[in-house]
Amino acid sequence: MREITVGVVAPAYVNVPLWIAQERGFLERRGLAATERICGTTHGVTGALRDSEVDVALTAPEGSIADAMAGGLLRVVAGLTDRPPLSMIALPRHHAFGDLRGGRIGTSSLTEGTRHVAERMLAAHGLTYPADYDFALEGSHVERWKALQAGTIDAALQMIPYDFMAVEAGFTDLGPVTEEFALNAVCARLPAERAELTPFLRALAEAAQWFRGHVEESAAIAAERTSIEPRYALRACQALAAPVAAVDYSYL
């Protein structure tokens, strides 16, 4: 059995395929055992991969792309999530994007991840950085939720199911991210070990296909992994399973 360490930002629902692959034996059948390492930020995951502290990473692809363009060894090898399950959540006193002028927007990094998504979203509503708002480094969506509750930031992009939780708690949902791009990708460091990477990708692909036909079972796995109420876990998995264009995994 080969042991691999997978770097992630947080126990996020975009990592459901990994949890399924672990729980349903898709990795084990391919001779792999995967352990997650939670790094807390997107640039933290990129750094861990660059320093060989993790074998593979499930994270925003920008860090690996920038590293490759600078002559580094990081590469994006597969997409995992192409529809960002994010919404801009604001303090209850804010009712429109214009109310965020002069405010603090929570993010996990200034160089990758949700920072760029938030910047484009705010720009579409006439707000530019740094003239109209500041970014506040708060960490993952889990930590950003704590900052919103504490009132130390004005808004942040929140991943499912934290956006649902925030709305029920009285916070303002200014709207979802509507762009389609690889929010979460599988990244590796060259020279990648093909004997590990190929079966890992195949296990993820099988888990992703299983997920769409077993949403309730997947939600139970996710609820246990995240210690979130089952009703929120189910709603998040239902959102992730919404129909998208078919993906061809036959090349793996």
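Among H214, H43, a tally of other beta-carbon atoms within 10 Å of each Cβ gives an order, fewest to most, of H214, H43.
How many percent of DSSP beta bridges within segment 86-176 run antiparallel, rounded to 5?
The answer is about 55 percent antiparallel.
Could you give the dipole magnitude of segment 101-184 about its Cα centre, charging the beta-carbon of Lys and Arg +1 and that of Asp and Glu -1, in debye to the nearest 20?
Working: 6 positive and 12 negative charges, 35 e Å.
Roughly 160 debye for segment 101-184.
Taking the Cβ of A169 as the centre, find all other residues whose Cβ is under 13 Å away and add up their charges (Lys, Arg: +1; Asp, Glu: -1). Charge balance near A169 sits at -3. Pairwise inverse Cα distances across segment 86-176, averaged and inverted, put the Kirkwood hydrodynamic radius at 12.5 Å. Think of the chain as a dipole: +1 on every Lys or Arg Cβ, -1 on every Asp or Glu Cβ, centred on the Cα centre; then among L100, G63, A208, A208 lies furthest on the positive end. Across segment 58-72, computed HN-Hα scalar couplings (Karplus, 6.51 cos²θ - 1.76 cosθ + 1.60, θ = phi - 60°) run 10, 7, 4, x, 4, x, 6, 5, 4, 5, 5, 5, 8, x, x Hz from first to last residue, x flagging Gly and Pro. Given +1 at the Cβ of Lys and Arg, -1 at the Cβ of Asp and Glu and no other charges, the dipole of segment 10-145 around its Cα centre is 280 debye to the nearest 20. List residues of segment 108-147, by number, whose backbone nitrogen lies under 12 Å from a label position 7 Å along Cα→C-beta of R101. Counting backbone N atoms under 12 Å from the label point, the list is 126-128, 132-133.
Positive-end ranking of A21, G79, G31 along the dipole of the chain, with charges on Cβ about the Cα centre, is headed by G31. Helix 230-240 and the longest principal axis of the C-alpha atoms of the chain enclose an angle of approximately 80°. Placing unit charges on the Cβ atoms only, positive for Lys and Arg and negative for Asp and Glu, gives the chain a dipole magnitude near 180 debye about its Cα centre.
Applying 1/(1 + (r/R0)^6) with R0 = 51 Å to the Cβ-Cβ distance of E229 and H125, what FRET efficiency is obtained, to the nearest 0.05? The value I calculate is 0.95.
Using the number of other C-beta atoms within 10 angstrom as an exposure proxy, rank S227, S87, S64 with the fewest first. Write down the numbers at each step before the final one.
Numbers: S227 8, S87 22, S64 27.
By the 10 Å Cβ count, ascending, the order reads S227, S87, S64.
Taking each DSSP H run with n ≥ 4 as -39500 (n - 2.57) and averaging over every residue of the chain yields -11500 deg cm²/dmol at 222 nm. Among W210, W19, sorting on how many other beta-carbon atoms sit within 10 Å of each Cβ, with the fewest leading, yields W210, W19. Model label sites at T35 and A241, defined 7 Å from Cα along the beta-carbon direction, differ in position by 3.2 nm. Looking at the chain alone, DSSP beta bridges between its own residues are antiparallel in about 55 percent of cases.
A straight chain from E179 to R212 at 0.36 nm per residue would run longer than the Cα-Cα distance by 9.7 nm.
Every number here is computed from the coordinates shown, using simple stated rules; none is lab data. Just so it is clear, the structure is predicted and the values come from calculations on it, not from any experiment. For neighbour counting, all protein chains shown are included, and Cβ atoms are generated from backbone atoms with ideal geometry for every residue, glycine included.
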